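Read through the structure below, which is laid out as structure tokens, and then see the notes.
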Amino acid sequence: MGYLIPIGIGVLYVLLMSLIREPHRRRFNAIMVAGAGAAYLSGGGLGGWEFAFAALATYVAFRGLDSWTFIGIGWLLHTAWDVVHHLKGSPLIPFFHDSSLGCAICDPVIALWCLRGGPSLLELLRNRNKQDHRARAAG
């Protein structure tokens, strides 16, 4: 799995999330962080630590209901958990050895977007196009 595909998945995630209006976008992403925190539970690759991580991720996700910063922190925590799983040889998807590595590459893309406040990329592009159009019309 190269490095570009996971980055592309992260960008695609951000674009799709941009379709959801605020404050629903933030709340939905908090739920996604909670789900990501529980992603490794069924594999049990790290034993009881899987439950401890799921509890931590749940707390961070709860705080994320009102804070993009906590959602970003949640994705960074999940990135660290992905790295541990990749190094220990217990991948997220059992039949895809590098799935945890891919997730560890994808998650920081999402985290950076969240730490910037989860803006709608579609709105940013629309506003940029309007500014460009105004600048051309004025010049």
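Tabulated data
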read-out	value
Output for region 90-107, where each listed residue is of a type in the set (Gly, Ala, Ser) and either part of a helix (DSSP H, G or I) or open to solvent by 50 Å² or more (accessible area, probe 1.4 Å) (or both)	Ser99, Ser100, Gly102, Ala104
Pairs with Cβ under 6 Å, 6+ apart, first in region 77-100 and at pLDDT 90 or above, second of a type in the set (D, E, K, R) and open to solvent by less than 60 Å² (accessible area, probe 1.4 Å)	His78/Asp107; Thr79/Asp107; Ser100/Asp82
Hits in region 1-41 - residues which are touching a Lys or Arg at 6+ places or on another chain (Cβ under 9 Å), small (Gly, Ala, Ser) and part of a helix (DSSP H, G or I)	Ala30
Pick from region 108-139, criterion open to solvent by less than 70 Å² (accessible area, probe 1.4 Å) and more than 20 Å from the chain's Cα centre (by Cα), ranking: nearest to Ile7 (Cα to Cα)	Asp132
Residues of region 44-62 classified as touching a residue at least 24 places away in the same chain (Cβ under 8 Å) and either among the hydrophobic types (A, V, I, L, M, F, W, C) or under 19 Å from Ala111 (Cα atoms) (or both), total	7
Number of positions in region 1-60 that are of a type in the set (Gly, Ala, Ser) and closer than 28 Å to Leu124 by Cβ	8
Positions within region 38-83 being under 16 Å from Cys103 (Cα atoms), open to solvent by 30 Å² or more (accessible area, probe 1.4 Å) and among the hydrophobic types (A, V, I, L, M, F, W, C), in sequence order	Ala38, Ala39, Leu41, Ile73, Leu76, Leu77, Ala80, Trp81, Val83
Output for region 4-37, where each listed residue is among the charged types (D, E, K, R) and open to solvent by 60 Å² or more (accessible area, probe 1.4 Å)	Arg21, Glu22, Arg27
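The values are calculated or read from the model by the stated rules, or taken from the named source; none is laboratory data. Remember, predicted model here, so these are calculated numbers, not experimental data. When we count neighbours, we look across all protein chains shown, and the Cβ atoms used for this are built from the backbone with ideal geometry, even at glycine. Note: accessible area is taken over every heavy atom of the protein model, side chains too, but ligands, DNA and RNA are not part of it. Shrake-Rupley method; radii C 1.70, N 1.55, O 1.52, S 1.80 Å.
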